[in-house]
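Q: Here it is, the structure, as structure tokens.
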Amino acid sequence: MSGASLSVTGLRVAYGRRAVVEGLDLAPLRPGTLTALVGPNAAGKSTLLRGIAGLVPGTRGAVRLGERDLLAMSIPERARHLAYMPQGLPGGVALTVMETLVGALRATPTALAPNGAAAAAHAVAVLRRLGIEHLAMRTLDRLSGGQRQLVGLAQALAREPAVLMLDEPTSALDLRHQMSVMALVRETVVSRGLVGVVVLHDLGLAARFADRLVALSEGAIQADGTPAETLTPDLLARVYEVEARVERCSQGHLLVLADAPIRGAA
Ligand SMILES: Nc1ncnc2c1ncn2[C@@H]1O[C@H](COP(=O)(O)OP(=O)(O)OP(=O)(O)O)[C@@H](O)[C@H]1O
């Protein structure tokens, strides 16, 4: 457990000359907490995550884990601290699930999986936690979209990073898996003291599992707080351009009920 917060200041992430994120500051993301990054399509959520993960060339600003400057690190060094799961895993890969997991662990050995045999045992344990140990010997190109997403999550979790960043980890999953994956991500983040960030479109899932919601549009933060503070009809109108109600269900969970797109909005 690192016990260090992740802080982002003055971040600029651009594709060529076009800055998608400019001068972005994020209040420290604390270890043991899960933050959901939400916002409409093309808001810059993936770009922000990829920028923080050091995956967009030319990214400027500071991304610090405690005192360490993540952007100044080499890629292998950064990979020891931060795992980033992209929106989609490549489909045409003929390696088995186990081979991809053990390969990822060999590239970035962890305290739990320092060598070959231990890496394989650790990989199996992670697959079991996700309920997909039966896929261990299947090749990635023979998996469904949802199964591939679970394998991507296994790769990120197996590396035991201090910072876990997941881009839409539930987009291809059925209802049961959405719940079980978010519960597992939350449990892992809290019990191991990780800094967890997930991009989610499902605001109900975000409100239920995240400690903090950051709403982004046009590359800028529009709201940042607890789910109850952040999810308001005003925010939903400004950021998503919908008329919406925020209510609580009989079990006390926040529900967003979108009634209609706001007329005249793009
Ligand atoms: N590789 C890229 N090269 C150039 N422009 C890009 C690239 N990736 C994203 N963009 C642009 O950056 C902007 C933000 O895209 P991004 O993927 O970060 O949004 P997002 O909030 O994750 O969207 P979504 O919810 O649709 O996945 C968009 O205008 C998009 O067209």
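Q: So if I check each of Ser180, Ser191, which one is part of a helix (DSSP H, G or I), over 30 Å from Val63 (Cβ atoms) and out of contact with any helix residue (DSSP H, G or I) (no Cβ under 9 Å at 6 or more places or on another chain)? Walk me through how you get there before you give the answer.
A: On the way: Ser191 fails: over 30 Å from Val63 (Cβ atoms).
The conditions single out Ser180.
For (1) away from the ligand (no atom under 16 Å from the Cβ); (2) surrounded by fewer than 19 Cβ atoms within 10 Å (Cβ to Cβ); (3) farther than 19 Å from Pro28 by Cβ, each residue gets a yes or a no:
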residue: Ala43; (1), (2), (3): no, no, yes
residue: Pro57; (1), (2), (3): no, yes, yes
residue: Arg68; (1), (2), (3): yes, yes, no
residue: Glu77; (1), (2), (3): yes, yes, yes
residue: Gln87; (1), (2), (3): no, yes, yes
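Q: Looking at (1) over 12 Å from the mean Cα position of the chain (by Cα); (2) in contact (Cβ under 8 Å) with a residue 12 or more places away in the chain, find the lone condition where Leu175 falls short.
A: (2)
Q: A further question follows. Taking the conditions exactly as written (touching a Lys or Arg at 6+ places or on another chain (Cβ under 8 Å) and among the β-branched types (Val, Ile, Thr)), does Val189 satisfy them or not? Show your work before the answer.
A: Numbers: touching a Lys or Arg at 6+ places or on another chain (Cβ under 8 Å): no; among the β-branched types (Val, Ile, Thr): yes.
Spelling it out, it is not the case that Val189 is touching a Lys or Arg at 6+ places or on another chain (Cβ under 8 Å) and among the β-branched types (Val, Ile, Thr).
Q: Give the number of residues within segment 26-54 that are within 23 Å of Pro161 (Cα to Cα) and without any contact (Cβ under 8 Å) to a residue 24 or more places away in the chain. Break it down stepwise before answering.
A: We begin by selecting, within segment 26-54, every residue within 23 Å of Pro161 (Cα to Cα); these are 26-38, 45-54.
In the following step, the residues that additionally are without any contact (Cβ under 8 Å) to a residue 24 or more places away in the chain were identified as 28.
Qualifying residue count for the region: 1.
Q: Could you list all residues from segment 1-32 that are buried (at least 19 other Cβ atoms within 10 Å of the Cβ) and assigned to a strand (DSSP E or B)? Lay out the reasoning, then the answer.
A: First, the residues of segment 1-32 that are buried (at least 19 other Cβ atoms within 10 Å of the Cβ): 4, 6, 8, 11, 13, 20-21, 24, 26, 29, 31.
Matches in segment 1-32: Leu6, Val8, Leu11, Val13, Val20, Val21, Leu24, Leu26, Leu29.
Q: Output the residues belonging to segment 152-172 that are part of a helix (DSSP H, G or I) and either buried (at least 21 other Cβ atoms within 10 Å of the Cβ) or within 16 Å of the ligand (Cβ to nearest atom) (or both).
A: Keep residues of segment 152-172 that are part of a helix (DSSP H, G or I), which gives 152-158.
Gly152, Leu153, Ala154, Ala156, Leu157, Ala158 - these are the residues of segment 152-172 that are part of a helix (DSSP H, G or I) and either buried (at least 21 other Cβ atoms within 10 Å of the Cβ) or within 16 Å of the ligand (Cβ to nearest atom) (or both).
Q: Still on this model: Please determine whether any residue of segment 194-213 is within 16 Å of the ligand (Cβ to nearest atom), part of a loop (DSSP other than H, G, I, E, B) and more than 24 Å from Ala154 (Cα to Cα). Please lay out each step first, then the result.
A: The initial filter retains those residues of segment 194-213 that are within 16 Å of the ligand (Cβ to nearest atom), namely 197-203, 205-206, 213.
Going one step further and asking which of them are part of a loop (DSSP other than H, G, I, E, B), we end up with 200-202.
Then keep just the ones that are more than 24 Å from Ala154 (Cα to Cα); that gives none.
Taking every residue of segment 194-213 in turn, none turns out to be within 16 Å of the ligand (Cβ to nearest atom), part of a loop (DSSP other than H, G, I, E, B) and more than 24 Å from Ala154 (Cα to Cα).
Q: Of the residues Leu175, Leu216, Leu200, which single one is out of contact with any helix residue (DSSP H, G or I) (no Cβ under 9 Å at 6 or more places or on another chain) and either among the hydrophobic types (A, V, I, L, M, F, W, C) or farther than 20 Å from His253 by Cα (or both)? Step through it out loud before you land on a result.
A: On the way: Leu216 fails: out of contact with any helix residue (DSSP H, G or I) (no Cβ under 9 Å at 6 or more places or on another chain); Leu200 fails: out of contact with any helix residue (DSSP H, G or I) (no Cβ under 9 Å at 6 or more places or on another chain).
It is Leu175.
Q: Residues that are out of contact with any Gly (no Cβ under 8 Å at 6 or more places or on another chain) and over 22 Å from Ala162 (Cβ atoms): which helices (runs of 4 or more DSSP H) entirely in segment 55-151 hold 2 or more of them? Let's see the steps before the verdict.
A: Details: elements: 75-81, 97-107, 116-129.
Counting at least 2 such residues, we get 97-107, 116-129.
Every number here is computed from the coordinates shown, using simple stated rules; none is lab data. Keep in mind that what you see is a predicted model, and the values were worked out from it rather than measured. Backbone-built Cβ (ideal geometry, glycine too); neighbour counts: all protein chains shown.
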